[in-house]
1. For chain A, the longest stretch holding no trypsin sites (Lys or Arg not before Pro) located in a DSSP loop with at most 13 other Cβ atoms within 10 Å is which?
2. What pairs from A:Lys131/B:Lys188; B:Lys2/B:Lys33; A:Lys93/A:Lys145 go past 29 Å between their alpha carbons?
3. Karplus couplings for the stretch A:91-102 from phi (6.51 cos²θ - 1.76 cosθ + 1.60, θ = phi - 60°), rounded to Hz, Gly and Pro as x?
4. Tell me which residues come under 5 Å, amide H to amide H, from A:Thr6 once H is placed; ignore anything under 5 positions away on its chain.
5. Eigenvalues of the Cα gyration tensor times 5, then square-rooted: what semi-axes does that give for the stretch B:111-202, in whole angstrom, largest first?
6. Determine, from the Cβ-Cβ distance of A:Lys145 and A:Phe78 and an R0 of 25 Å, the FRET efficiency 1/(1 + (r/R0)^6), rounded to the nearest 0.05.
7. If I measure Cβ to Cβ between cysteines in the protein assembly as shown, which ones have no partner under 4.7 Å?
8. Viscosity 0.692 mPa s, temperature 37 °C: what is the translational diffusion coefficient of the protein assembly as shown from Stokes-Einstein with a Kirkwood Rh over Cα pairs, rounded to a whole number of µm²/s?
2 protein chains.
Amino acid sequence: MKRTITIGREFGSGGRELGRRLAEALGIEYYDKEIIDAVAKHTSLSEDYVHKIIDRKPHALFPITVGQSMSYMENYYFQQVQSVYQAQTEIIKDLAAKAPSVMVGRGADAILKDENPFRIFVYADFDYRVKRCMERKEAPVSSEKEAKRMVNEIDKNRAKYYEFYSNQRWGDKLYYDLCINTTDVVIKDIVPPLAEMLKAYL
Amino acid sequence: MKRTITIGREFGSGGRELGRRLAEALGIEYYDKEIIDAVAKHTSLSEDYVHKIIDRKPHALFPITVGQSMSYMENYYFQQVQSVYQAQTEIIKDLAAKAPSVMVGRGADAILKDENPFRIFVYADFDYRVKRCMERKEAPVSSEKEAKRMVNEIDKNRAKYYEFYSNQRWGDKLYYDLCINTTDVVIKDIVPPLAEMLKAYL
């Protein structure tokens, strides 16, 4: 198996768990936060800041400016966002060239377009994702209302970021080889057969 | 394996071939045109006519009427469409209750909603589907232009029919468990591992 497996995922769908287990089952590398760590090192920005840039829509980090006076700041932020994206692109391409791996998020499917990655998208019903998000405590939420807001917000930002850089619609099945619905599915049960399938597919 | 596997598919994506091969690999029944045959017998309408009703949007068979004079005809056609749909629904439910099978098209996924079928959607790039349609000669097309028109037209009608009866968006990944992109894929190569995956999944 030579192709990188990329995983796009809706927040709360278990895409990260699926990716991690898939990499384990296939005995290959798994990259998720590791990419951010590497970008942070590469750009000497903090991991936290890099995370914010990557998970937010590209414009979100720009200050609201009035008149000419802020144009320097605006330019500064824009350059940071661009340099993070540039560093990320290089790191993702380097990692993909080294060895087969599973890469979660970061628009890796679009970045690696020319290398023909196997592109998976993981999704689920909205209510299921809210429930999963609350049960798993992946993020600190105090109420269902807050979990719903978070699921909506994070996906909206992922979509904006992805679409800004890839010029493709995030989650549109046409840009993926396989789309997996995880609603009411026990992820660890489906990963072994999925891995078997991918071995032959790749 | 107890769940029926339903296959929705874009025209020219090879969904029917995938379904047939999948049923073979799993050693279960395969229903496609057989459903239409059964509906035709059940309703004493010709297979050809039933096919037209099923593959067209529900309104397509209604004559354009002006005033009161055509209301009897209108009503007559509407009743035929409804009786075909009713017969089809019963036949699909009967077949699903008998034994596990692969069912292609006919909105079977929505009809069997309460029986929890495993819902696959097969799709591909538009250009690939046009190419496949011309190569396979699945339908008599004399030019690329005609093939393009046909791919568009058939999918538009499938979508209308599906959406009219199911109240779900045709091809929207949320209504399927697995969406498979067949662009540049050799279907017979991916079916054996897919069958392995489904054995564990179902």
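1. A:3-136
2. Violating the 29 Å limit, Cα to Cα: A:Lys131/B:Lys188; A:Lys93/A:Lys145.
3. 5, 4, 5, 4, 4, 5, 6, 5, 7, x, 7, 9
4. A:Met103, A:Phe118, A:Arg119, A:Ile120
5. Rounded to whole Å, the semi-axes are 26, 20, 9.
6. That gives a FRET efficiency of 0.15.
7. Here A:Cys133, B:Cys133 come out as lacking a disulfide-compatible partner, given the Cβ-Cβ threshold of under 4.7 Å.
8. 140
Rule-based calculations on the coordinates, nothing more; no lab input. Since this is a predicted model, take the numbers as computed values, not measurements. Backbone-built Cβ (ideal geometry, glycine too); neighbour counts: all protein chains shown.
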